Amino acid sequence: MHDKCDVVVLLSGTGGNLQAMIDSFQVDPGPVRIRAVISNRADAFGLQRARNAGIETRALDHTAYEGREAFDAALIEHIDAFKPKLVVLAGFMRILSASFVRHYHGRLLNIHPSLLPRYKGLHTHQRVLEAGDAEHGCSVHFVTEELDGGPLVVQATVSVELGDSPTTLAQRVHTQEHQIYPLAIRWFAEGRLSLGKQGALLDGQLLGPNGHLIPAI
């Protein structure tokens, strides 16, 4: 039996990915335990989702701090009070300082709504449509100091359909996000996923440039 893997989730918004985690780990918790959810916005609906599930919450207003480093230092204190093995970014709309990223090296995951390394940053669904791509998707990756640039863990693809809008495309991508993010967290909690010198490792094997790729259904 694995020891419990305590997870702290950081979010800024509605918490759709958090809800997917809560639902997945209620059905089959395995070693995963969501220990706390922390937001930089006290009105984030994701905090209510956490409270509804009996998970501890914290709100830390970034505007109350003198700059990014001061906020990140306070955030580290709040996170480390829960002694998590893994920190998960689930729509946390803050660019993290290098010191924060280094502090959680190898135990900080993010999900991004594109097939990285394509379309780093914002407005990914719009950009995919404007480029005329046939395929879109989402990526879970370890966080490094390069924005949206850390080693890939798992990607899922969706086909871009005729008549898609950014909204319809986003809905299908979200469905895939809600599958692959709990999966990646479970791998980490079970000791199957780690960050090595060369990149992400699953079951001791180096993952390729696309991570573990789940093709469109």
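Compute the FRET efficiency between S194 and E161 as 1/(1 + (r/R0)^6), taking r as their Cβ-Cβ distance and R0 = 45 Å, and round to the nearest 0.05.
Once the sixth-power term is evaluated, E becomes 0.75.
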Exercise. In debye, nearest 20: dipole of the chain around its Cα centre with unit charges on the Cβ of K, R (+) and D, E (-)?
Worked result: 380 debye
For this session: Over the chain, calculate the relative contact order: mean separation of alpha carbon pairs under 8 Å at least 6 apart, over the residue count, as a percent.
Result: 19 percent
Seminar exercise, completed: The residues Y181, Y119, sorted from fewest to most surrounding Cβ atoms within 10 Å, come out as Y119, Y181
Problem set entry | Neighbourhood net charge (15 Å Cβ-Cβ; Lys/Arg +1, Asp/Glu -1) for A44 | +2
Problem set entry | Given charges at Cβ of Lys, Arg, Asp, Glu: the range 1-104 dipole, positive-most of L75, A98, P31 | P31
Exercise. Can you pull the semi-axes for the range 1-104, root of five times each eigenvalue of the Cα gyration tensor, sorted largest first, whole Å?
Worked result: 23, 16, 10
Exercise. Per residue of the chain, what 222 nm ellipticity follows from adding -39500 (n - 2.57) for every DSSP H run with n ≥ 4, rounded to the nearest 500?
Worked result: -10000 deg cm²/dmol
Problem set entry | Rounded to whole Hz, the Karplus (6.51, -1.76, 1.60) HN-Hα couplings of the range 181-195, x for glycine and proline | 6, x, 4, 5, 5, 5, 4, 5, 4, 7, x, 8, 10, 8, 9
For this session: Determine the gain in length on full extension of the stretch K120-R68; use 0.36 nm per residue of separation and subtract their C-alpha separation, reporting nm with one decimal.
Result: 16.6 nm
For this session: Mind giving me the nanometre distance, one decimal, between the label points for D61 and D203, set 7 Å out from Cα along Cα→Cβ?
Result: 5.0 nm
Seminar exercise, completed: Cα-Cα pairs in the range 1-53 separated by more than 16 Å, as a whole percent of all pairs, come to 37 percent
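Bear in mind that the values in this text are calculations on the coordinates, not laboratory data. Since this is a predicted model, take the numbers as computed values, not measurements. Here Cβ is always computed from backbone atoms with ideal geometry, including for glycine, and neighbour counts include all displayed protein chains.
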